[in-house]
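S.K.: Submitted below is the structure of interest, expressed as structure tokens.
The values are calculated or read from the model by the stated rules, or taken from the named source; none is laboratory data. As the structure is a computational prediction, the values presented were derived from the model and not from experiment. Neighbour counts are summed over all protein chains in view; Cβ atoms, including those assigned to glycine, are modelled from backbone coordinates with ideal geometry.
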Amino acid sequence: MSALLTDNLPLLAGSPNGIQKLRELILELAVRGKLVPQDPSDEPASELLKRIAEEKAQLVAEGKIRKQKSLAEIGEEERPFDLPNVWDWARLGAISELENGDRSSNYPNKSHLVEHGIPFINAGHLVGGRVEMVGMNYITRERFDLLRSGKVVDGDVLFCLRGSLGKSALVSSVSEGAIASSLVIVRASQGISKAYLMHYFSSLLAYQMVKKYDNGTAQPNLSAGDLGKFLIPIPPLAEQHRIVAKVDELMTLCDRLEARQADAESAHARLVQALLDSLTQTSDADDFAASWQRLAEHFHSLFTSESSIDALQQTLLQLAVMGKLVPQDPSDEPARELAERIRAAKQGLLVESKARKQKELAADLLPTPPYEIPAGWEWQSIDDVLLVTGGVTLGRKLVGRELVAKPYLRVANVQRGHLDLNEIKEIEVPENEVEKYLLCNGDLLITEGGDWDKVGRTAIWRDELPECLHQNHVFRARAVTAEWVSRWAELYLNSAPAREYFAGSSKQTTNLASINMTQLRACAFPLPPLAEQHRIVAKVDQLLALCDQLKSRLTAARQLHERLACALVEQTVA
């Protein structure tokens, strides 16, 4: 390997997907003749290829192998890159025998499979360059003896022609077996290292050959004939062995780097979580401020991954809704008085609008508050402070009614903390129902269901469209007084305590979960004094902006790192 690559190994390994790219680079250098130095005393590959051609001709004459179709000469313009002087290009079919599985009536189908016997290998058994015996299929000795082709022996290379196109494996643990029709046996000629052939199949060059000869139908596939046309760079046999040894050595190094990186990332994640946990255990805002200051001194060394920044954001939200992010002000009006005004305003609104009265929530439906709140705050339910309604139902029979088409929001539009309005659909509704389902500025939109961890996603409607309705799978929670901070409610409903409530009370199936309106109305809701709500929201937005800056810097640093690594790779293979 060039000194340039060796000296900059940490740079390559540390770039995004760096170790995977490093593995690819090692194989690229291997098949280009740039991984190990050439030895002038090695027999040139051209002599090796002549000997292989003579031996194949002799085997054909003796009837031991079938004569294959002539392979096209390799033109100068077809060669992907220049090779060292002692190397040569060959087609895969010229340096190996390709053997399909038996495709006659003797081919084993599912009814021929047994629990024990001769291994019957398919594409799913090709794992990590070897034949995986766990979950192996088997056929009887009698069925195996009927097969006219596709019988593997130890040392064969298997290549997948369909489905998982390009997967390969070296047979080293199967003394005999048969292959499914999706595979082909690549039996290398004397003088071609099977391990070198495997490294070739894992290289970018082989991938380019696959793309070139893939027939382009819905399911990627090749024929054995097309596989035989693949170009393969052939080093002298002695150099093949040196390349294999060096590749194995460097792949082992990659394994160690990967393990070390995984250990470091795991340790880093545990450290970050422990420090963030210490923040949530602070007793009040003053205690938090001191702990935050200690943490802030190490920000750029701690929050070096997206996951760590995401954890920081979640911690900030939890601190905010627990009343530990900003200090309480004894001069603030207690939340109890605000709660009384909200309750009176809601009753008045319901009487004035003559809306159908919702059933009172049973006492046993109201959950125990999930944590202690500061003095001056009040635990309420969502039903106490907001007017919750359902949305318009799709698919109703509306024959004979005056209809108008209006845009509406679906569950997919309501993300956690923001709306995704890239695709807005329309629905026809009776004209006299538009006002009932029309969204107003500041409305909270809360999803009824979806993936189990996404139930209760909440976002604020900010009049993004002149008119918009909401579907029945998206609840609307509307303030009943101007003394309300929608952003505070959005923060709480997207925080860990509310998410735990929704997850615990939702109806769950294998992959989906949902809450009903009663469960949403019963959700415990912490109500701080109005002035404190504003202070908390301002502080959260300030700190989340800091998190966004951290992510932007991280992205920029990674992009720079990747550009440097790419430039290094280009320079190495040039």
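S.K.: Got a sec? Which helices (runs of 4 or more DSSP H) wholly within the range 1-60 have at least 1 residues that are more than 19 Å from Ile232 (Cβ to Cβ), in contact with a helix residue (DSSP H, G or I) (Cβ under 9 Å, 6 or more places away or on another chain) and modelled with pLDDT under 70?
M.R.: Numbers: elements: 3-7, 9-14, 18-32.
In the range 1-60, the matching helices (runs of 4 or more DSSP H) lie at 3-7, 9-14.
S.K.: Now for a separate question. Need the failing condition index for Ala289 against (1) aliphatic (A, V, I, L, M); (2) closer than 20 Å to Cys547 by Cβ; (3) within 26 Å of the chain's Cα centre (by Cα), just the number.
M.R.: Looking at each condition in turn, Ala289 falls short on (3).
S.K.: Identify the single condition in (1) at pLDDT 90 or above; (2) acidic (Asp, Glu); (3) closer than 22 Å to His300 by Cβ that Glu532 does not satisfy, given that it satisfies every other one.
M.R.: Of (1) at pLDDT 90 or above; (2) acidic (Asp, Glu); (3) closer than 22 Å to His300 by Cβ, only one is false for Glu532: (3).
S.K.: Could you list all residues from the range 70-115 that are among the polar types (S, T, N, Q), within 39 Å of the chain's Cα centre (by Cα) and over 24 Å from Arg32 (Cα atoms)?
M.R.: Residues satisfying the conditions are Asn100, Asn109, Ser111.
S.K.: Which residues, taken from the range 107-121, are of a type outside the set (A, V, I, L, M, F, W, C) and crowded, with 21+ Cβ neighbours inside 10 Å? Steps first, please.
M.R.: Initially, the range 107-121 is screened for residues of a type outside the set (A, V, I, L, M, F, W, C), giving 107-112, 115-117, 119.
Answer for the range 107-121, where residues must be of a type outside the set (A, V, I, L, M, F, W, C) and crowded, with 21+ Cβ neighbours inside 10 Å: Pro108, Pro119.
S.K.: Next question. If a residue must be assigned to a loop (DSSP other than H, G, I, E, B) and either under 22 Å from Asn17 (Cβ atoms) or β-branched (Val, Ile, Thr) (or both), how many such residues does the range 248-297 contain? Spell out the reasoning first.
M.R.: Kept after step one, since they are assigned to a loop (DSSP other than H, G, I, E, B), are these residues of the range 248-297: 281-284, 297.
Keeping just the survivors that are either under 22 Å from Asn17 (Cβ atoms) or β-branched (Val, Ile, Thr) (or both) gives 282.
So the answer is 1.
S.K.: So, one more: Do you know which of the residues in the range 406-439 that are in a loop (DSSP other than H, G, I, E, B), in contact (Cβ under 8 Å) with a residue 12 or more places away in the chain and not β-branched (Val, Ile, Thr) is nearest to Arg478 (Cα to Cα)? It would help to see each step written out before you state the result.
M.R.: Residues of the range 406-439 in a loop (DSSP other than H, G, I, E, B): 410, 416-417, 420-424, 438-439.
Filter once more, so that each one left must be in contact (Cβ under 8 Å) with a residue 12 or more places away in the chain: 410, 416-417, 421, 424, 438-439.
After this cut, where a residue has to be not β-branched (Val, Ile, Thr) as well, the list is 410, 416-417, 421, 438-439.
Values: Arg410: 18, Arg416: 18, Gly417: 16, Leu421: 20, Leu438: 11, Leu439: 9 Å.
Checked the range 406-439; the qualifying residue nearest to Arg478 (Cα to Cα) is Leu439.
S.K.: Being within 36 Å of the chain's Cα centre (by Cα), of a type in the set (Val, Ile, Thr) and outside any loop (DSSP other than H, G, I, E, B) is the filter here, so list the residues in the range 131-170 that pass it.
M.R.: Val131, Val157, listed by residue number.
S.K.: Inside the range 187-209, can you point out the residues that are part of a helix (DSSP H, G or I), of a type in the set (Ser, Thr, Tyr) and more than 20 Å from Ala123 (Cβ to Cβ)? Full working, then the answer.
M.R.: Initially, the range 187-209 is screened for residues part of a helix (DSSP H, G or I), giving 194-201, 204-209.
Remaining after also requiring of a type in the set (Ser, Thr, Tyr): 196, 200, 207.
Scanning the range 187-209 gives a single hit, Tyr196.
S.K.: Of Ser175, Ser164, which residue is closer than 18 Å to Asp226 by Cα and of a type in the set (Ser, Thr, Tyr)? Give the derivation first.
M.R.: Working: Ser175 fails: closer than 18 Å to Asp226 by Cα.
So the residue among Ser175, Ser164 that is closer than 18 Å to Asp226 by Cα and of a type in the set (Ser, Thr, Tyr) is Ser164.
S.K.: Here's another thing I want to ask about it. Is at least one residue of the range 171-186 surrounded by 17 or more Cβ atoms within 10 Å (Cβ to Cβ), assigned to a loop (DSSP other than H, G, I, E, B) and more than 32 Å from the chain's Cα centre (by Cα)? Give the steps one after another, and end with the answer.
M.R.: Within the range 171-186, the first condition is being surrounded by 17 or more Cβ atoms within 10 Å (Cβ to Cβ), and the residues that meet it are 171, 174, 177-180, 182-186.
Next, from what is left, pick out any that are assigned to a loop (DSSP other than H, G, I, E, B): 171, 174, 180, 182.
From what is left, the residues that are more than 32 Å from the chain's Cα centre (by Cα) are 174.
Yes, there is a match, as at least one residue in the range 171-186 is surrounded by 17 or more Cβ atoms within 10 Å (Cβ to Cβ), assigned to a loop (DSSP other than H, G, I, E, B) and more than 32 Å from the chain's Cα centre (by Cα).
S.K.: Let me ask another. Being over 22 Å from Ala344 (Cα atoms) and among the aliphatic types (A, V, I, L, M) is the filter; apply it to the range 354-400 and report the residue that is surrounded by the most Cβ atoms within 10 Å (Cβ to Cβ). Lay out the reasoning, then the answer.
M.R.: Going residue by residue through the range 354-400, those that are over 22 Å from Ala344 (Cα atoms) are 364-365, 367-375, 390-400.
Narrowing the set further to residues that are among the aliphatic types (A, V, I, L, M) leaves 365, 373, 375, 392, 394, 398-399.
Numbers: Leu365: 14, Ile373: 17, Ala375: 9, Val392: 20, Leu394: 13, Leu398: 12, Val399: 5.
Among them, the one singled out is Val392.
S.K.: Look at the range 61-85 and say how many of its residues are among the polar types (S, T, N, Q) and either exposed (fewer than 11 other Cβ atoms within 10 Å of the Cβ) or part of a helix (DSSP H, G or I) (or both). So that I can check it myself, show each step before the final result.
M.R.: Of all residues in the range 61-85, those among the polar types (S, T, N, Q) come to 68, 70, 85.
Pick out the ones that are also either exposed (fewer than 11 other Cβ atoms within 10 Å of the Cβ) or part of a helix (DSSP H, G or I) (or both) and you get 70.
Count: 1.
S.K.: Return yes or no: is Gly135 of a type outside the set (Ser, Thr, Tyr), in the same structural domain as Leu222 (by TED's automatic domain parsing) and surrounded by fewer than 22 Cβ atoms within 10 Å (Cβ to Cβ)?
M.R.: On the way: of a type outside the set (Ser, Thr, Tyr): yes; in the same structural domain as Leu222 (by TED's automatic domain parsing): yes; surrounded by fewer than 22 Cβ atoms within 10 Å (Cβ to Cβ): yes.
Here the answer is yes, as Gly135 does meet what is asked.
S.K.: Right, another one. Val326 fails exactly one of the following numbered conditions: (1) touching a helix residue (DSSP H, G or I) at 6+ places or on another chain (Cβ under 9 Å); (2) hydrophobic (A, V, I, L, M, F, W, C); (3) in a strand (DSSP E or B). What is the number of that condition?
M.R.: Result: Val326 fails condition (3) only.
S.K.: Quick check on Gly442: is it surrounded by 15 or more Cβ atoms within 10 Å (Cβ to Cβ) and in contact (Cβ under 8 Å) with a residue 60 or more places away in the chain?
M.R.: Details: surrounded by 15 or more Cβ atoms within 10 Å (Cβ to Cβ): yes; in contact (Cβ under 8 Å) with a residue 60 or more places away in the chain: no.
Considered against the rule, which asks whether it is surrounded by 15 or more Cβ atoms within 10 Å (Cβ to Cβ) and in contact (Cβ under 8 Å) with a residue 60 or more places away in the chain, Gly442 comes out as no.
S.K.: Checking the structure you have, find out if any residue of the range 90-105 is closer than 27 Å to Met251 by Cβ and part of a helix (DSSP H, G or I).
M.R.: Yes - at least one qualifying residue is present in the range 90-105.
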